[in-house]
Amino acid sequence: MPEEKVLVLASQSPSRARLLARAGLVFDIQPARVDEEEVKHAMRGAGAAARDTAVALAELKASRVSRLLPSAFVIGADQILECGDLWFDKPADMDHARAHLLSLKGRTHRLANAVSVAKGGAVLWRYVDEARLTMRNFDEAFLDNYLALAGEDILTSVGAYQLEGPGAHLFARIEGDFFSILGLPLLPLLDFLRGHKIGIAA
Ligand SMILES: Nc1nc2c(ncn2[C@@H]2O[C@H](COP(=O)(O)OP(=O)(O)OP(=O)(O)O)[C@@H](O)[C@H]2O)c(=O)[nH]1
């Protein structure tokens, strides 16, 4: 009897879970207990770039959960939004979301998107890419209408937008992978998983 391949997503992200489920993968969810702020603060203080910090966090989440579930393939991911020399976190509430978007409007921000797979506590694979997103210089009346339409779902997103939803109205231009922007570099991840006979047989 071949060993059943167990797949676990070490993430609380509804977007990451949606992307994997819609690709037909069957998986459990076990969010990682990681103090992201502490790791970001330490790495930023040591001069690490956003992409390296996102990789480190993705690996930490995957390896920590895979130590608890040693026979599973565990996916960890992390996204860092950088605008100017500021790193943004998910907004705490709608007022923060409004302030977030006022500081991003009319500017280009970068998203570092990292994903990692671990098994038995060891990182097997990691991948990182970046996207550049240019927001329109919208006025506050537009922003109020956007917030009313988009609602509190945007609090689950580091940029206070869901590109696949009303967030599309915010942008003049996006450069980068759509799935990565939503939180998961899906195509390289599916490639890796198929190589381990997880997902659709090659
Ligand atoms: N639906 C959606 N979510 C987005 C978008 N852009 C960023 N996100 C989400 O923003 C979040 C980035 O924050 P992270 O700290 O990497 O992840 P998290 O949501 O805290 O979840 P963990 O993996 O448990 O750390 C992720 O959940 C991404 O899926 C988008 O355009 N659409």
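The values are calculated or read from the model by the stated rules, or taken from the named source; none is laboratory data. Worth saying up front: this structure is predicted, and the values here are computed from it rather than measured. Virtual Cβ from ideal backbone geometry, glycine too; neighbours counted across all protein chains shown. Accessible surface areas use protein heavy atoms only, side chains included; no ligands, DNA or RNA. Shrake-Rupley method; radii C 1.70, N 1.55, O 1.52, S 1.80 Å.
Of everything in region 177-202 that is within 19 Å of residue 88 (Cα to Cα) and of a type outside the set (Val, Ile, Thr), the residue that is nearest to the ligand (Cβ to nearest atom) is 183.
What number of residues within region 155-169 are surrounded by 15 or more Cβ atoms within 10 Å (Cβ to Cβ) and either touching a strand residue (DSSP E or B) at 6+ places or on another chain (Cβ under 8 Å) or part of a loop (DSSP other than H, G, I, E, B) (or both)? The number of residues fulfilling the criteria is 7. Inside region 137-154, residues that are more than 14 Å from residue 107 (Cβ to Cβ), among the polar types (S, T, N, Q) and surrounded by fewer than 12 Cβ atoms within 10 Å (Cβ to Cβ) make up a count of 0. Of all residues in region 30-60, those satisfying the criterion of being in contact with a helix residue (DSSP H, G or I) (Cβ under 9 Å, 6 or more places away or on another chain), within 12 Å of the ligand (Cβ to nearest atom) and closer than 10 Å to residue 114 by Cβ are 50, 53, 57.
Out of 201, 148, 114, 172, one residue alone is aliphatic (A, V, I, L, M) and modelled with pLDDT under 95. It is 201.
Residue 156 satisfies every condition listed in (1) farther than 21 Å from residue 91 by Cβ; (2) among the hydroxyl-bearing types (Ser, Thr, Tyr); (3) within 10 Å of the ligand (Cβ to nearest atom) except (1).
So if I check each of 10, 32, 62, which one is over 27 Å from residue 150 (Cα atoms) and touching a Lys or Arg at 6+ places or on another chain (Cβ under 7 Å)? Just a single option satisfies the conditions, and that option is 32. Among the conditions (1) closer than 21 Å to residue 82 by Cβ; (2) away from the ligand (no atom under 12 Å from the Cβ), the only one that residue 122 does not satisfy is (1).
Look at residue 109 and say whether it is touching a Phe, Trp or Tyr at 6+ places or on another chain (Cβ under 9 Å), at pLDDT 95 or above and open to solvent by 80 Å² or more (accessible area, probe 1.4 Å).
Here the answer is no, as residue 109 does not meet what is asked.
Restricting region 15-28 to residues that are open to solvent by less than 60 Å² (accessible area, probe 1.4 Å) and under 13 Å from the mean Cα position of the chain (by Cα), which is nearest to the ligand (Cβ to nearest atom)? Among those residues, the one meeting the criterion is 15.
Just give me the residues in region 72-92 being in contact (Cβ under 8 Å) with a residue 60 or more places away in the chain and either out of contact with any strand residue (DSSP E or B) (no Cβ under 6 Å at 6 or more places or on another chain) or under 21 Å from residue 108 (Cβ atoms) (or both), in sequence order.
Once the filter is applied, which keeps residues that are in contact (Cβ under 8 Å) with a residue 60 or more places away in the chain and either out of contact with any strand residue (DSSP E or B) (no Cβ under 6 Å at 6 or more places or on another chain) or under 21 Å from residue 108 (Cβ atoms) (or both), region 72-92 yields 79, 80, 81, 88, 89, 90, 91, 92.
In region 4-14, the residue that is farthest from the ligand (Cβ to nearest atom) out of those that are more than 14 Å from residue 183 (Cβ to Cβ) and not basic (Lys, Arg) is 4.
What single numbered condition from (1) open to solvent by 40 Å² or more (accessible area, probe 1.4 Å); (2) near the ligand (Cβ under 10 Å from one of its atoms) fails to hold for residue 79? Residue 79 satisfies all of (1) open to solvent by 40 Å² or more (accessible area, probe 1.4 Å); (2) near the ligand (Cβ under 10 Å from one of its atoms) except (1).
The numbered conditions (1) among the basic types (Lys, Arg); (2) more than 15 Å from residue 11 (Cβ to Cβ); (3) within 11 Å of the ligand (Cβ to nearest atom) are all true for residue 90 except (2).
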